[in-house]
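Chemist: Starting off with a structure, shown below.
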Amino acid sequence: MTKAKRQMQEDMKLIDLVIELLDARIPLSSRNPDIDSIAGSKSRLVLLNKADMADGAVTEQWEAYFKNQGLHVCVINSKNPADVKKINAEVQKACAAKIERDKRRGIKNRPVRAMVVGIPNVGKSTFINTYARKAAAKTGNKPGVTKGKQWIRLSGSLELLDTPGILWPKFEDQSVGLKLALIGSIKDEIMNIEELSMELIKMLDERYPGLLKEYYGLETIDYDKYPGKPEVAELEAVALVRGALMKGSEIDYLKAANIILENFRNAKLGKISLESPADYEAADN
Ligand code: G4P
């Protein structure tokens, strides 16, 4: 077991609730399934984060998917402080049994203690910063079990462990790595940018046909020039309309690739999800 995983299991002893952040655009690819064994019987809340960049209709399907698995779910944008209300309400539901138990024992208003976990870049620090901002006071070290741990009081009823738990993505198949690279969670330096952009073009053509054509105003795409490779023809067409040319009017594929990737990552292309529950059902059958 890795040191990080062991640490997380230690931290589990201190908390009531595991708050797992996933990227709403690729919820399963941005998830490490080990969390099920690490969390054990703790209450669970899944946050579909960066929902402001994902396709709302697909996010609804994911919400239902995780609810069906018996998990509590909230759809959020970690940069939006207003979403904290939704989370507080869901935390209360997720921890209803604990709250009830406390009541029976005469313990009143003991806050739920939670830990935020997720893969790098999913928004853990942003989440903690945004939601802790209003009630930023760190509650400091407390005697006993919490020794050495910092807690951030989010509200009267919720405290967060200051340090998030970092999970690593599971590269079970190539498509997981590809999607993580597309959302910018794997450094571009180790990727072939042209290949990456063409994989994105293929995904967009499948999921959102006509989107690229419309966004870039592609009037002519020379599909005949690249038989069986429409993505190359489309990349070239984007290069032409955006003036991505090198000396001698040669096409600058790298520049065009970067334009498309950037437009996708900053959501200029629109709210886009790269996977839906149906993809996984199809794979299961
Ligand atoms: P981590 O701790 O899990 O590693 O992730 P972190 O909070 O550092 O967030 C990674 C990036 O994702 C940051 O962008 C952050 O602003 C962005 N982000 C987090 N949550 C959301 C969300 O709900 N919606 C959107 N649109 N973006 C989100 P960055 O480009 O690395 O930094 P910055 O330029 O935004 O500061």
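Chemist: If you add up the charges near Val73, with Lys and Arg at +1 and Asp and Glu at -1, over every other residue whose beta carbon is less than 9 angstrom from its beta carbon, what do you get?
Modeler: Working: positive: Lys67; negative: Glu63, Glu90.
Around Val73, the charge tally is -1.
Chemist: Related question: Can you report the principal axis dimensions of the range 192-275 using only the alpha carbons, biggest first, rounded to whole angstrom?
Modeler: 39, 26, 25
Chemist: Here's another thing I want to ask about it. Just need the relative contact order of the range 62-132 here, percent rounded to a whole number, with Cα pairs under 8 Å and 6+ apart.
Modeler: On the way: 32 pairs, mean separation 23.7, N = 71.
Normalised by residue count, the contact order of the range 62-132 is 33 percent.
Chemist: What pairs from Lys103/Lys124; Lys179/Lys225; Lys225/Lys268; Lys86/Lys124; Lys98/Lys170; Lys42/Lys79 go past 23 Å between their alpha carbons? Walk me through the numbers before you get to the answer.
Modeler: Details: Lys103/Lys124 31 Å; Lys179/Lys225 28 Å; Lys225/Lys268 29 Å; Lys86/Lys124 17 Å; Lys98/Lys170 32 Å; Lys42/Lys79 27 Å.
Among Lys103/Lys124; Lys179/Lys225; Lys225/Lys268; Lys86/Lys124; Lys98/Lys170; Lys42/Lys79, the Cα-Cα distance tops 23 Å for Lys103/Lys124; Lys179/Lys225; Lys225/Lys268; Lys98/Lys170; Lys42/Lys79.
Chemist: Amide H neighbours of Val117 under 5 Å, counting only residues 5+ apart in sequence or on other chains, H built in-plane at 1.01 Å?
Modeler: Under 5 Å from the amide H of Val117: Ile19, Glu20, Leu21, Gly165.
Chemist: As a test of the formula, what do you get for the chain when each DSSP H run with n ≥ 4 contributes -39,500 (n - 2.57) and the sum is divided by the residue count, at 222 nm and rounded to the nearest 500 deg cm²/dmol?
Modeler: Result for the chain, helices only: -12500 deg cm²/dmol.
Chemist: Scan around Leu158 for amide H atoms under 5 Å from its own, H built in the peptide plane at 1.01 Å from N, and keep only partners 5 or more places away or cross-chain.
Modeler: For Leu158, whose amide H was placed from the backbone, the distant partners under 5 Å are Val112.
Chemist: Related question: Taking the radius of gyration and the Kirkwood hydrodynamic radius from Cα positions alone, what is the Rg/Rh ratio for the range 2-162, to two decimal places? Could you put the intermediate results ahead of the total?
Modeler: Values: Rg = 15.3 Å, Rh = 16.1 Å.
Result: Rg/Rh = 0.95.
Chemist: If contacts are Cα pairs under 8 angstrom and at least 6 residues apart, what is the relative contact order of the chain in percent?
Modeler: Here the relative contact order equals 20 percent.
Chemist: Under a 10 Å cutoff between Cα atoms, tell me which one of Ser185, Ser29, Ser78 has the largest fluctuation in the Gaussian network model of the chain.
Modeler: Sorting by GNM fluctuation, first place goes to Ser185.
Chemist: Another question, then. Using +1 on the beta carbon of Lys and Arg, -1 on that of Asp and Glu, and nothing else charged, what's the dipole of the range 192-275 about the Cα centre, debye to 20? Please report the intermediate quantities before stating the final value.
Modeler: Values: 11 positive and 16 negative charges, 63 e Å.
Once rounded to the nearest 20, the dipole reads 300 debye.
Chemist: Quick check for you: with a 1.4 Å probe and neighbouring chains kept, what is the accessible area per residue of the range 192-275, in Å²? Please list the in-between numbers first.
Modeler: Numbers: 4550 Å² over 84 residues.
That works out to 54 Å² for each residue.
Chemist: Here is a further query. Roughly how big is the chain's charge dipole about its Cα centre, with Cβ charges of +1 (Lys, Arg) and -1 (Asp, Glu), in debye to the nearest 20?
Modeler: Details: 44 positive and 40 negative charges, 563 e Å.
Dipole magnitude for the chain comes out near 2700 debye.
Chemist: Here is a follow-up. Stick to the Cα atoms of the chain, pair each with every other, and give me the Kirkwood hydrodynamic radius in Å at one decimal.
Modeler: Details: mean 1/r = 0.0479 Å⁻¹.
Mean inverse Cα-Cα distance, inverted, gives 20.9 Å.
Chemist: Of the accessible area of the chain, with the probe set at 1.4 angstrom, what percent is carbon plus sulfur?
Modeler: Working: 7500 of 14670 Å².
That share works out to 51 percent.
Chemist: If I take R0 = 25 Å and measure r between the Cβ atoms of Lys3 and Phe171 in this structure, what FRET efficiency does the formula 1/(1 + (r/R0)^6) give, to the nearest 0.05? Walk me through the intermediate numbers first.
Modeler: On the way: r = 20 Å, r/R0 = 0.80.
Calculated value: 0.80.
Chemist: For the range 2-162, with every protein chain kept in place, what is the accessible area per residue (1.4 Å probe, Å²)? If you can, show how the numbers build up before the last one.
Modeler: Values: 7500 Å² over 161 residues.
Value returned for the range 2-162: 47 Å² of accessible area per residue.
The values are calculated or read from the model by the stated rules, or taken from the named source; none is laboratory data. Since the model is a prediction, treat every value here as computed from it, not as a measurement. Using ideal geometry, Cβ is built from the backbone for each residue, glycine included, and neighbour counts are taken over all protein chains shown. Ligands, DNA and RNA are stripped out before the accessible areas are found, and what is left, the full protein with its side chains, is counted by its heavy atoms. Shrake-Rupley method; radii C 1.70, N 1.55, O 1.52, S 1.80 Å.
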